[in-house]
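J.: Below: one structure in C-alpha cells.
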Amino acid sequence: MYAQVIVDVPIAQPLDYSIECDGAVAGRLCVVPVGRRERIGVIVATSTHSALDPARLRPIRRVLDEIDPLSTDWLALTRFAAEYYQHAWGEAAIPSLPPTLRAPPGPRFASTLKRLRSDAAFAASGVAPVVPQLNEAQRAAVAAIDAAFAFRAFLLFGVTGSGKTEVYLEAIARKLAADPQAQALLLVPEINLTPQLQARLRQRFPGETIAPLHSGMADGERTAAWLAAHEGRARIVVGTRLAVFAPLPRLRIVVVDEEHDASFKAGDGVRYSARDLALKRGQLVDAPVVLGSATPSLETWSHARAGRYALLQLPERARGAAVPPAVELIDTRLQRPVQGLAPPLRAAIEAALARGEQALVFINRRGYAPVVACEACGWLSNCPRCAAFAAFHKTDATLRCHHCGWASVVPRACPTCGNQDLRGVGQGTQRIEEALRAALPGARIARIDRDSTRRKDAASSAFGAVHAGEVDVLVGTQMIAKGHDFRRVTLVGVLNADAQLVSHDFRAPERLFSTLVQVGGRAGRGGQASRVLVQTRFPSHPLFAAFARFDFAAFADRQLEERRAAAMPPFVHQALLRAEARRLDDALAFLAAARAAAGDEAGVRLYDPVPMPLARVAGMHRAQLLVEADRRPALQSFLKRWLQDLREDPPKGAPRARWQIEVDPQEI
Ligand code: ADP
Ligand code: ZN
Ligand code: ZN
C-alpha cells in the first residue's frame, strides 16, 4: 500500500510513501522523511499502486493514531485554500495545526495528549443561561437562519448595538438543540474580542464546552482547544481567522462577525481570507453561513444586493433609545485645533465630563508624533531601513518605525546641523493623551493602543476600567473602535479622518466609512443622547454626509456604482505579484521579466510593475505587478500556469528576487 502525504513544503503535489504500519488512512497525521528531515504530514489518500518506482519510496515513519483522522471536508477545505491562493496543499494545511502538532512528536506525546484532553479550562460552567427576549427583527433573522439546513449565505446587516450578537447566539442555540452533536464556528476579527465574546457564550451556553482558538494562546491551550473541537467535545469554537481551519466533524453553522474586517485576511504565508473560506466551508458541509456587519465589505454588499446572499436587517438599536448619535463635523480650517483638539471638541468633552459621562477620542496613530523635524535644516526622522518616517514615542523617548520595528533613542540635537530644537510634527495617541491631561486637570484619562497594551492582560484591565466607570476620557487607536459595549460613553471625537480621504487606495473610503461607523457606534450604547464630532478639513465631502445619516446603504450603493464604472473590484478580480530585492530596479526588472514570460491569456490583463506604496521596508525594496481578470476562473487558471512556470523555470537573465502572490489583495 502507498500513501499520498502533504507536508509544509512548496511542492505542488502530495508526496508518495509506502505504508508499513497500521492505521494509515486518509486524514491521519503522520511523520515522514522529507530530504534529511522528518516532518509532520497528513495522509490525503491511499492506493494500491504508486506512479513512482516503489523500490525508491520511503516508508511513513509513524502514524499518529492517537488522533482521529481529519475529515474529508477538512481535507477539501485546505485543498481549496491552497489551490485558490496558489500554494501547495501542505502549505495551507500544516500551518493551521496547533504548534504542538506541527513537529514530529517526542517520546512523551501520549501523556501530553492525555493531559491536554483533560484540560478543563474551557469546559462547561453549569449556571443558568441568560436569554433575552428577542425583538421582531431579531426573531425574523433567527427564523431565516434556523430554516436553512443546507448551505446558504446570509448577510446580517445592522448597526452596532442592534443585537446581531444575540441573533448569532440564538441561531447557534437552535442548531445545537436540533442535533446533540452539532457544532458551531464563530469567527471574530480580534483576539481582544474573544474573551468578551467567550464570556457571553459561556453565559448563554453554560452546559457546553466552548473552545477559543487564536494566535495569542499558549501552545498547550491551543492544542487542547483544537483537540476538543476535533473530537467533538467542544460544541462551539470561537476564534480569529485561523479558527476557520478548526477541525469540526459536525459543523452545522458558521458565523463571521464584523465580516468586513481587514484582519480576516492573512498577512503572510497563504494569504487566505477567512471570511471567504468560511463561505467555502459552509458549502462543503452544506450549512448556513452568517456574515454580520454594520458596514459590510462591498464584495458582500454586492452579493446581497444581487440576491445571492439573503439580506437580514436589524434596523434599530436593541436596547435603550433607538436614536443613533448625532454626527457633527468640525471644520478645522475655521476651528483651529490646539494640540490636536479643536475648541468645540474640547468643550464637548468638558460638558460630557460635567454630566458624569464618558468621552472617547479616536486617532488612528500611535506614538506621540509621526515624525520629528529640525526646523533649521529640514532634517526628518526617517527610518534608516524603510521608505517611511520613524515615529516619536515620548513615553520612552525613542524613535520607532512602525513598519520594521527599528528603534533608537531620540537624538538630543539634530544629527545634521546640531540644532537642539527638534519638534514632533503631527499627533499620535500619546500627544493627545498629554493634551487632554493638560486641558482637563483632575479628569481620569486612559490610553489604549498597541504600546499601552504590550503587557499580557494590560488591554483587558484597561477596558475593564472603562467599563467600570473608572475612566473619564479614553483615547486610543482602532483598538477602542471595535466591539466594546461601553455603557457610559456619550461623546466620540474623531481626529485625523482626513488621511484616509486623500489615500491612493481605492478601498480607503470604504475603510474610513466603516471606521467612522464603528467608532461612532461606541456612543450612546446605554440609551443616552450622544454625539460624534469629526474634525476635518473637508466637511462637505459626501462620505461625511452619508455617515451623518448613518446611511451605509446609500454610501455603499454609490461606491459600487463608481467601482462598476471604473471596472474595479468586485466587478473585476485581482491578484498581486510582489517582489523584493536589495535594489528597486532588480525587483522591477524581475517583475517585468515575469510579465514578459506570461504570454497572453484571454480575459486577463497584466499591468506595469510599479514600486509598492511603501517601497522599502527593512532594507528591502518592493515592487508589485497587478493582474486583473473579468472572471475568476480565468484568473485562477492563468495564475496556476504562470506561477508554476515562475517556480520551475524562473525568467532567464532576470535579477533574482523573492516573490509572493496574493489573490484578492485588499491593499493595492
Ligand atoms: P451587536 O452585536 O449588533 O453590536 P449586541 O447583540 O451586542 O449587538 O446587542 C447590543 C446590546 O443590546 C447588548 O447589551 C445586548 O445584550 C442587548 N440586546 C440585544 N438584543 C436585545 C433584546 N432583544 N432585548 C434587550 N436587549 C438586547
Ligand atoms: Zn538640523
Ligand atoms: Zn523601518
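J.: Give the residues of region 606-615 that are open to solvent by less than 80 Å² (accessible area, probe 1.4 Å) and either free of Cβ contacts under 8 Å to residues at least 40 places away in the same chain or over 17 Å from His504 (Cβ atoms) (or both), sorted by residue number.
T.: Leu606, Pro609, Val610, Pro611, Met612
J.: Consider Ala439 against the criteria (1) within 30 Å of Ala351 (Cα to Cα); (2) among the small types (Gly, Ala, Ser); (3) out of contact with any Leu (no Cβ under 8 Å at 6 or more places or on another chain): it satisfies all of them except one. Which criterion is unmet?
T.: Single failed check for Ala439: (3).
J.: Next question, about the same structure. I'd like the residue in region 467-517 that is more than 23 Å from the chain's Cα centre (by Cα) and of a type in the set (Lys, Arg) and, out of all such residues, is modelled with the lowest pLDDT.
T.: The residue in question is Arg487.
J.: Quick check on my filter: what residues within region 591-604 are closer than 18 Å to Lys652 by Cα and open to solvent by 10 Å² or more (accessible area, probe 1.4 Å)?
T.: The answer is Ala592, Ala593, Arg595, Ala596, Ala597, Gly599.
Condition check ((1) within 16 Å of ligand 3 (Cβ to nearest atom); (2) in a loop (DSSP other than H, G, I, E, B); (3) crowded, with 20+ Cβ neighbours inside 10 Å) across all residues:
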residue: Gln430; (1), (2), (3): no, no, yes
residue: Glu434; (1), (2), (3): no, no, no
residue: Arg455; (1), (2), (3): no, yes, no
residue: Gln500; (1), (2), (3): no, no, no
residue: Ser514; (1), (2), (3): no, no, yes
residue: Gln535; (1), (2), (3): no, no, yes
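J.: Residues to consider are Gln500, Gln518, Gln427, Gln478; find the one that is within 16 Å of ligand 1 (Cβ to nearest atom) and within 30 Å of Gln559 (Cβ to Cβ).
T.: Within the list Gln500, Gln518, Gln427, Gln478, the selection yields Gln518.
J.: Return the residue satisfying two criteria in turn: it lies in region 350-379 and is of a type in the set (Val, Ile, Thr) and under 20 Å from Phe463 (Cβ atoms), and of such residues it is nearest to ligand 3 (Cβ to nearest atom).
T.: Ile363
J.: Okay, next question. Take the residues of region 380-406 that are more than 16 Å from ligand 3 (Cβ to nearest atom) and farther than 30 Å from Thr490 by Cβ: which is nearest to the chain's Cα centre (by Cα)?
T.: Asp396
J.: Separate question: Which condition from (1) in contact with a Lys or Arg (Cβ under 6 Å, 6 or more places away or on another chain); (2) part of a loop (DSSP other than H, G, I, E, B) is the one that Leu248 breaks?
T.: Leu248 satisfies all of (1) in contact with a Lys or Arg (Cβ under 6 Å, 6 or more places away or on another chain); (2) part of a loop (DSSP other than H, G, I, E, B) except (1).
J.: Consider Arg564 against the criteria (1) of a type in the set (Lys, Arg); (2) under 22 Å from Gln666 (Cα atoms); (3) touching a strand residue (DSSP E or B) at 6+ places or on another chain (Cβ under 9 Å): it satisfies all of them except one. Which criterion is unmet?
T.: Failing condition for Arg564: (3).
J.: Looking at region 8-52 only, could you name the residues that are of a type in the set (D, E, K, R) and either assigned by TED's automatic domain parsing to the domain that holds Gln644 or open to solvent by 80 Å² or more (accessible area, probe 1.4 Å) (or both)?
T.: Scanning region 8-52 gives Glu20, Asp22, Arg36, Arg37.
J.: Would region 66-82 turn up any residue that is β-branched (Val, Ile, Thr), farther than 16 Å from Ile6 by Cα and in contact with a strand residue (DSSP E or B) (Cβ under 8 Å, 6 or more places away or on another chain)?
T.: Yes, some residue in region 66-82 is β-branched (Val, Ile, Thr), farther than 16 Å from Ile6 by Cα and in contact with a strand residue (DSSP E or B) (Cβ under 8 Å, 6 or more places away or on another chain).
J.: If we only count strands (runs of 3 or more DSSP E) wholly inside region 330-417, which ones have 2 or more residues that are of a type in the set (Val, Ile, Thr) and within 27 Å of Ala497 (Cβ to Cβ)?
T.: 371-374
J.: Pick from Leu588, Leu577, Leu646: which is buried (at least 20 other Cβ atoms within 10 Å of the Cβ) and part of a helix (DSSP H, G or I)?
T.: Result: Leu588 is the single residue among Leu588, Leu577, Leu646 that is buried (at least 20 other Cβ atoms within 10 Å of the Cβ) and part of a helix (DSSP H, G or I).
J.: Taking region 363-379 only, how many residues are surrounded by 17 or more Cβ atoms within 10 Å (Cβ to Cβ) and more than 27 Å from the chain's Cα centre (by Cα)?
T.: Looking only at that region, the number is 5.
J.: Checking Gly464 against (1) at pLDDT below 95; (2) of a type in the set (Gly, Ala, Ser); (3) buried (at least 21 other Cβ atoms within 10 Å of the Cβ), which single condition isn't satisfied?
T.: (3)
J.: Next question. Search region 399-416 for residues that are touching a residue at least 60 places away in the same chain (Cβ under 8 Å) and pair each with any residue that is part of a strand (DSSP E or B) and within 16 Å of ligand 3 (Cβ to nearest atom) when their beta-carbon atoms are under 6 Å apart and the residues are at least 6 apart or on different chains.
T.: His403/Val617; Cys404/Val617
J.: Before we move on, is Pro651 touching a strand residue (DSSP E or B) at 6+ places or on another chain (Cβ under 7 Å) and of a type outside the set (A, V, I, L, M, F, W, C)?
T.: The answer is no for Pro651.
The values are calculated or read from the model by the stated rules, or taken from the named source; none is laboratory data. The structure presented is a predicted model; accordingly, all values stated were derived computationally and were not measured. Positions of Cβ are backbone-derived with ideal geometry, glycine not excepted, and every protein chain shown enters the neighbour counts. Heads up: the accessible areas ignore ligands, DNA and RNA and are worked out on the full protein's heavy atoms, side chains in. Shrake-Rupley method; radii C 1.70, N 1.55, O 1.52, S 1.80 Å.
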